[in-house]
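Inspection log for the structure reproduced underneath, given as structure tokens.
The values are calculated or read from the model by the stated rules, or taken from the named source; none is laboratory data. Note that the structure is a prediction, hence the values are computed from the model and not measured. Cβ sites come from the backbone with ideal geometry, for glycine too, and all protein chains shown count toward neighbours. Just the protein is used for accessible areas: all its heavy atoms, side chains included, with ligands, DNA and RNA removed. Shrake-Rupley method; radii C 1.70, N 1.55, O 1.52, S 1.80 Å.
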Amino acid sequence: MNLNAHRWTLAAAGVATLAVLYGGFSYWAGVKAEQTLNEQYRLLSTMPAFTVKSHRYERGWFSSTETTELELNKKLFGPYLATLPDNLKPLLSGTLRYTNHIEHGPLPGLSRFNFVPARALVRTEFDMSAATRKTLARFFGDAEPITVTNRLGFGGGGELNVAIPKFDYEETLAGVEMKWQGFDLKVDYGKGFKEYRVDALSPGFMLDAASKGSFTFNGVRYASDVRPGVTGVRLGSSELAIGDIRFAWKEAIPYSIKLNELIYLVSRVRVGEFINPSGELKPSSVELKQLNYQIVTSEQDDFVNTRGKLTFDSFRYDEQKYGPLKLDVSANHLHGPTLVKLDEALSKVPFEKLPPAELRKRYIDTILQNGVPLLENDPKLVVHEFKLGLPSGMSSLTGTLAIKGLKEADLKSPLTFIRRFNVDASVSLPKPALETLVVAQARNLFTVDASAEEQPDMAEIDELARSLLDAQLSEWARQGLLKLDGNQVATTLDFKEGELKINRKPVALPWQADAPDEASAPAAEGTAL
């Protein structure tokens, strides 16, 4: 009896000790979890797209709660909210409120029979109005429209998972059908979010509006692996793959796009009103197949090299077919510390309430003050391969553009600056593609106000442009500046130490004192198109 009592006493002491240790570890894990989540909040609060209305963190012993309210940055998006349909304005002008429910380790998922050890397990709950939930229930039923979990590891990193369930939706009377195959995102991140791996998958989506048109995509996947370099530049790789995209519309779609405002939104540079296109898209269909994009950034000592590849099998616009496309480009020997310094300096340029002229001046001054070492360290741009199938044939380009031996003082002398460039390129493209460009330019030159009584004969303008192009190409071919092989036009360009050669023929540049020889005559006397 005494032996059994002793055993029970030891067992009780053991359980009490474990409870104390578990409680102590949970409190420590709660402190560390708050540090990690505060870092996540700090990153979120620095994003220009959002402004934080409120943020509150309430830490307990075994669990904590974090509540955050966000809204779109009205200084950034305000001019565009007015252009949206009335039923969308409340969604983008309202407040996004979410709550993080945090359970502390060492087994934070124990209550749900999840025995994976971690500092904390975070479940995110989005606050939605009754009307919003009712609308989403039409698509997702009883399932949560979005699920977000964040497992905080013992080393300071973690794993974030986001999932949107699939659904089928149909309105028989309206002739609308939608099939959404879901979305999954996984982010493995390290301590301080300095390195992370991303894997996102969206199997597909289909929208069929019988009277309007249809839109589908399949097999969208994105993956990246990013880590910090010694210079501070983010290194690693990212890849995007899309199986196919199809878009068809059955009615003419009017458009009026304020490109000047879009460029200002992205770059904060005013470019005027003259680039705003308007018109209508006639009933058409577009199809893109097997798009792949990849970029890899590496580091060697203080220099960064990056290489990007873009391919697709085909792009079809109605009966016009383009592709395949192969693009392989690299930028090499970029001075890493300068890239970091320039990025930081540009991000600090204030763009609110500045006149366009003053803003442009600040950007230029910032680049000149911080970006010159990029040019002084012999950067090189290489087009390893560019091939694109056009309706009229195949176009191709290879070449390099390098800066060699440039000094800051060279920027004060345009001719000296130009001599620091080395260019070597080879290009080939079908003649009908050139004709299309020249005809479009000629039409723009001769187009008059649509209200004018006398309108130019576009057929005559097109024929004149083609005739001028034929004459010019024949003359350049006779002088050896290019090669004509059936419908294909090909030439090479070589520029070194201020000397230009086209198809290996010397060509005098405007500032060169020597009189142009026969080969360079087209540069001064060629027919203007």
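Quick notes on this one:
- Test: residue in the stretch 506-521 that is at pLDDT 90 or above, open to solvent by 30 Å² or more (accessible area, probe 1.4 Å) and not hydroxyl-bearing (Ser, Thr, Tyr): yes
- Taking the conditions (1) touching a helix residue (DSSP H, G or I) at 6+ places or on another chain (Cβ under 8 Å); (2) open to solvent by less than 40 Å² (accessible area, probe 1.4 Å) in turn, GLY389 satisfies each one other than (1).
- The listed residue being in contact with a Pro (Cβ under 6 Å, 6 or more places away or on another chain), assigned to a helix (DSSP H, G or I) and either modelled with pLDDT of 80 or more or on the phi > 0 side of the Ramachandran plot (or both), out of LEU43, LEU136: LEU136
- Considering residues of the stretch 211-231 that are of a type in the set (Gly, Ala, Ser) and not in a strand (DSSP E or B) only, the residue least open to solvent (accessible area, probe 1.4 Å): GLY229
- Residue match in the stretch 187-210 (condition: closer than 30 Å to LYS341 by Cβ, touching a residue at least 24 places away in the same chain (Cβ under 8 Å), open to solvent by 70 Å² or more (accessible area, probe 1.4 Å) and of a type in the set (Asp, Glu)): yes
- Subset of the stretch 268-312 that is surrounded by 13 or more Cβ atoms within 10 Å (Cβ to Cβ), within 30 Å of ALA357 (Cα to Cα) and of a type in the set (D, E, K, R) - its residue that is modelled with the lowest pLDDT: ARG268
- Failed condition for ALA409, given (1) outside any loop (DSSP other than H, G, I, E, B); (2) surrounded by 14 or more Cβ atoms within 10 Å (Cβ to Cβ): (2)
- In the stretch 392-406, the residues that are out of contact with any strand residue (DSSP E or B) (no Cβ under 7 Å at 6 or more places or on another chain) and either without any contact (Cβ under 8 Å) to a residue 24 or more places away in the chain or surrounded by 14 or more Cβ atoms within 10 Å (Cβ to Cβ) (or both): LEU406
- Residues that are free of Cβ contacts under 8 Å to residues at least 24 places away in the same chain, of a type outside the set (S, T, N, Q) and within 16 Å of SER64 (Cα to Cα) within the stretch 22-51 comprise GLY24, TRP28, listed in sequence order.
- Only one of the numbered conditions (1) under 22 Å from VAL233 (Cα atoms); (2) surrounded by 17 or more Cβ atoms within 10 Å (Cβ to Cβ); (3) not hydroxyl-bearing (Ser, Thr, Tyr) is violated by LYS348, and that is (2).
- Here GLY156 passes the criteria (1) surrounded by 15 or more Cβ atoms within 10 Å (Cβ to Cβ); (2) part of a strand (DSSP E or B) except the one numbered (2).
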